[in-house]
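Novice: My questions will all concern the structure given below.
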């Protein structure tokens, strides 16, 4: 008998993540710790018995945030602040601000003064690839661990840390298996569903997430690939909060086979290796994986990573989806674009706000790219 | 075989009826608030002009912003592809098309078969579009159709640095207050729109010869400013506004 998949579980949580979290808190009494970026060391929070989740910027209209941030700023940061100020995060106990980009750093300051919750800053180094920055980062994580222990009067044991590292590694492996399955046979799961799965995992109880993910992977592995010839698209950029994009692409006989987004592969890329020093082990995953352009390793690194993905996943075209006013990406784009032209890979770049719908201008450009492939 | 190309833009709806590779009739009406209604009205008027019935049309392709609303079309194709095809039909030697419409501007690079090789489109706002010229013509108390000619009469074009329609308008008010003359200000406005287009042309990489399509191609001031800045002739055709609709009708004929 054909087994039904459990996609609806992920869809529901991704649609109403805060409702899920509110319920989870009621049921388990767990301390809810929001994170503003994928540089949050979730393993430390899990080992302390806390529940880490990603703050998504669910607000669709901003009125409160714009009293603190200008309208020509990152819509994701404005949206997170709106979520905080509007009371949508009324279940929130604490927030972690990894100092990734300028906007998140300033958000941390504004948040501290205006939203009631415990506050942690993780002071990331500007560059992550030097020996000095690596040893500094290990110390930063050690300090973060100590701050969490003091704030919640808990001791984070090495045994618990090892357990949470193993759990997060299993989750990352499952998510990456899911992506690989889709790259091989795109028709087994829709693009918007895949995004919903990653988004849901970012907020779910991690053990529950593992169970549900395992079940989903098992069902999808049974599906037979149809071998249909569709154009293969890679989405590169910051975040994609527009499930419509996947429908537009899929309606044009094309499919998104991979991404390097903060709302996608960057969440699960790279595993934490076994090391004696657990803080060093956690730090190393962050410094070895593909980095956010806000933590610069030079455009060459970004380009090499993109080239590797294009070849590995037989990509026909790249759709750059950048958040408006996200400067780190805009600085890299002209050089990346030149390299793609040399490779003969087609691309377009669209800029958008997190909360806005896809308009006809953007649709025209995406349609045209797909029509000329 | 008779085919119909409909280009439902942001401001105007254009239609072309094509019979065996020849333009039967062309027609244009304002879109207003309901793009589907505009398309139906446009079709009625087209059929009346051509003295044919709807059933005589074998295939319809819709393009333009309103294309996805036209559910009776056999196919929808983006206007970038259609403009490319339409201009290639009219001017086969053209490799770069500058298309300035009501609310966006595009630069399209064609290969020698008229296929789109690359394109770039403005995405921020009304800067560098027909709408910008509309607002500025009103500020200069001129009808839009005479606005380009007024620009040609400017001897020392005023400097306008804002690309934003709203800010540029207040900049112009300051120039008026300073007593700069209308021709020079108008000439400055045309140069400012041309500068914006030129940056797009450079981004995508110009391949001569260059042509202009879309409604703004009717403005001699913009053509003149573009020629000066690009240092190359910018060719246009009286059918420039119908490039998209013509391309759609041609694509309908192909498939």
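Novice: Restricted to region B:214-250, and to residues that are out of contact with any strand residue (DSSP E or B) (no Cβ under 8 Å at 6 or more places or on another chain) and part of a loop (DSSP other than H, G, I, E, B), which residue is surrounded by the most Cβ atoms within 10 Å (Cβ to Cβ)?
Specialist: Among those residues, the one meeting the criterion is B:219.
Novice: Ok, one more. Among the residues of region A:240-260, which ones are under 16 Å from residue A:76 (Cα atoms) and surrounded by 22 or more Cβ atoms within 10 Å (Cβ to Cβ)?
Specialist: Passing the criteria: A:240, A:241.
Novice: Given the options B:23, B:8, name the one that is crowded, with 18+ Cβ neighbours inside 10 Å and in contact (Cβ under 8 Å) with a residue 24 or more places away in the chain.
Specialist: Being crowded, with 18+ Cβ neighbours inside 10 Å and in contact (Cβ under 8 Å) with a residue 24 or more places away in the chain holds for just one of B:23, B:8, which is B:8.
Novice: Quick test of your reading of the structure: residue B:66 fulfils all but one of (1) within 19 Å of the chain's Cα centre (by Cα); (2) away from chain A (no Cβ under 14 Å); (3) over 23 Å from residue B:238 (Cα atoms). Name the failing condition by number.
Specialist: Against the list (1) within 19 Å of the chain's Cα centre (by Cα); (2) away from chain A (no Cβ under 14 Å); (3) over 23 Å from residue B:238 (Cα atoms), residue B:66 comes up short only on (2).
Novice: For region A:331-373, name all the residues that are closer than 24 Å to residue A:246 by Cβ, away from every other protein chain (no Cβ under 13 Å) and surrounded by fewer than 17 Cβ atoms within 10 Å (Cβ to Cβ).
Specialist: A:357
Novice: Is it the case, given these coordinates, that residue A:328 is within 11 Å of another protein chain (Cβ to nearest Cβ), in a helix (DSSP H, G or I) and at pLDDT below 90?
Specialist: Spelling it out, it is not the case that residue A:328 is within 11 Å of another protein chain (Cβ to nearest Cβ), in a helix (DSSP H, G or I) and at pLDDT below 90.
Novice: May I pose another question? When you scan region B:138-156, do you find a residue that is part of a loop (DSSP other than H, G, I, E, B), modelled with pLDDT of 90 or more, under 19 Å from residue B:226 (Cβ atoms) and touching a helix residue (DSSP H, G or I) at 6+ places or on another chain (Cβ under 6 Å), even just one?
Specialist: Yes, region B:138-156 has at least one match.
Novice: If you take the residues of region B:205-237 that are in contact (Cβ under 8 Å) with a residue 60 or more places away in the chain and over 22 Å from residue B:116 (Cβ atoms), which of them is nearest to the chain's Cα centre (by Cα)?
Specialist: Looking at residues that are in contact (Cβ under 8 Å) with a residue 60 or more places away in the chain and over 22 Å from residue B:116 (Cβ atoms), I get B:218.
Novice: Something else: Quick check on my filter: what residues within region B:94-113 are within 12 Å of chain A (Cβ to nearest Cβ), modelled with pLDDT under 90 and in a strand (DSSP E or B)?
Specialist: B:105
Novice: Which residues, counting only those in region A:167-223, are without any contact (Cβ under 8 Å) to a residue 40 or more places away in the chain and outside any helix (DSSP H, G or I)?
Specialist: A:223
Novice: Moving on. Within region B:70-88, identify whether any single residue is within 14 Å of chain A (Cβ to nearest Cβ), more than 21 Å from residue A:348 (Cβ to Cβ) and assigned to a strand (DSSP E or B), and answer yes or no.
Specialist: Yes, region B:70-88 contains a residue that is within 14 Å of chain A (Cβ to nearest Cβ), more than 21 Å from residue A:348 (Cβ to Cβ) and assigned to a strand (DSSP E or B).
Novice: Further question: Somewhere in region B:66-87, is a residue more than 29 Å from residue B:33 (Cα to Cα) and surrounded by 22 or more Cβ atoms within 10 Å (Cβ to Cβ)?
Specialist: No, region B:66-87 contains no residue that is more than 29 Å from residue B:33 (Cα to Cα) and surrounded by 22 or more Cβ atoms within 10 Å (Cβ to Cβ).
Novice: Out of everything in region B:157-171 that is assigned to a loop (DSSP other than H, G, I, E, B) and modelled with pLDDT under 80, what residue ends up being surrounded by the most Cβ atoms within 10 Å (Cβ to Cβ)?
Specialist: Among those residues, the one meeting the criterion is B:163.
The values are calculated or read from the model by the stated rules, or taken from the named source; none is laboratory data. Small disclaimer: the values here were computed from a predicted structure and weren't measured. Note that each Cβ is placed from the backbone with ideal geometry, even for glycine, and that neighbours are counted across all protein chains shown.
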